[in-house]
1. For a quick check of your reading of the filter: which GluC sites (Glu not before Pro) in segment 52-141 sit in a DSSP loop and have no more than 10 other Cβ atoms within 10 Å?
2. So how many Å³ per residue does the convex hull of the Cα atoms of segment 68-115 work out to?
3. From the phi angles alone, apply the Karplus equation (6.51, -1.76, 1.60; θ = phi - 60°) to segment 256-269 and give each ³J(HN,Hα) in whole Hz, x where the residue is Gly or Pro.
4. Could you work out the relative contact order of segment 130-262? I mean the mean sequence separation of Cα pairs under 8 Å and 6+ apart, divided by the number of residues, in percent.
5. What shape does segment 120-254 take by its C-alpha gyration tensor, where a ≥ b ≥ c are the square roots of the eigenvalues and a/c under 1.5 counts as rounded, a/b above b/c as prolate, and the rest as oblate?
6. When we measure straight from the Cα of Lys82, which aspartates and glutamates land under 16 angstrom away, once same-chain ones fewer than 8 places off are left out?
7. Among Gly175, Gly139, Ala58, whose Cα lies farthest out toward the positive end of the dipole of the chain, if unit charges sit on the beta carbon of Lys, Arg (+1) and Asp, Glu (-1)?
8. Which peptide among 266-273, 185-192 comes first, and what is the full order, when sorted by highest mean count of other Cβ atoms within 10 Å?
Amino acid sequence: MEWPFIKMQGCGNDYIYFDCLERAFPSPEKYAAVLSDRHFGVGGDGIVLIQPSGRADAFMRMFNADGREGRMCGNAIRCVAKYLYDNNIARKTEMAVETLSGVKTLYLTIGEDGAVSSVRVDMGRAELAPDRVPVNLPGKMIVNETVRVGNSDYKITCASMGNAHAVIFTDNVAGLDLRAIGPLFEKHELFPEGVNTEFIRVIDRQTLEMRVWERGSGETLACGTGACASAVAAILNGYCRAGEDIQVNLPGGQLVIRVTEDTIYMTGGCERVFSGVIRLV
């Protein structure tokens, strides 16, 4: 069975996209792991299926590189919007995409070449209650709370953007050994569904530096939901202000986050890398 695909990336967060508007993709959990392999597959942080929706312009399903399905990906959803517009499936600059975390509204910026160059996403509000993250800690919300992970103590601030995040502020982001630290958080008993872990250096009141270990994918060049959670955490800890643009610098590029009383907006680029056809066996 042959399937055309398109490789796209947002801030270096790269996925393999399949148009499933007319037919169903078989065994996505299996093929996500196979195709994401950067040596023996196409290579990527996972796969994204663009499916029909009765509530929106399309339904996005995303599977991490380990085959587990995720509820939401901020960088991937921008690329879905680009695909829908550039391929004349939804030719409008405001569209809706359904995810397992609900329907998201997207606002598209069109470049001089007539293709989508950047997208602003209404990400919704962050969930802060521990049982909604989820994280096995008491209280109304987890802000700058000390926990023991491995052999070290960390101060975490937790939020959900449709997936769980633990945010840690540090003066040394570049020097962290995320391959050692990340799995300790991801598989810790505090997080019954696993967790994405962001390590943040505050540059100033409107600029953050971030590295992320994503559940199911390892360290990635960017994480849109993680950037949103980190901006929320920075506000809760007094480093940044709500209602102002916060630039989050990631290894793969920059995202601009604005946290309001009602929602969180994320703005970033999206690019087509290449397309091809694979044979599923």
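Here, each number is a calculation from the coordinates, and none is a lab measurement. Please read all numbers here as calculations on a predicted model, not as lab measurements. Virtual Cβ from ideal backbone geometry, glycine too; neighbours counted across all protein chains shown.
1. On the way: sites: Glu69, Glu94, Glu98, Glu112, Glu127; in loops: Glu112.
Sparse-neighbourhood loop GluC sites (Glu not before Pro): Glu112.
2. Values: hull volume 3.8 nm³, N = 48.
Hull volume normalised by residue count: 79 Å³.
3. Values, residue by residue: 10, 10, 10, 9, 10, 5, 9, 6, 10, 9, 10, 10, x, x Hz.
4. Details: 284 pairs, mean separation 26.4, N = 133.
Rounded, it is 20 percent for segment 130-262.
5. Working: a/c = 1.40, a/b = 1.15, b/c = 1.22.
Verdict is rounded for segment 120-254.
6. Within the straight-line cut-off, Lys82 pairs with Asp14, Asp19, Asp57, Glu94, Glu98, Glu112, Asp113, Asp122, Glu271.
7. It is Ala58.
8. Details: 266-273: 20.8, 185-192: 16.6.
For the peptides 266-273, 185-192, the packing ranking is 266-273, 185-192.
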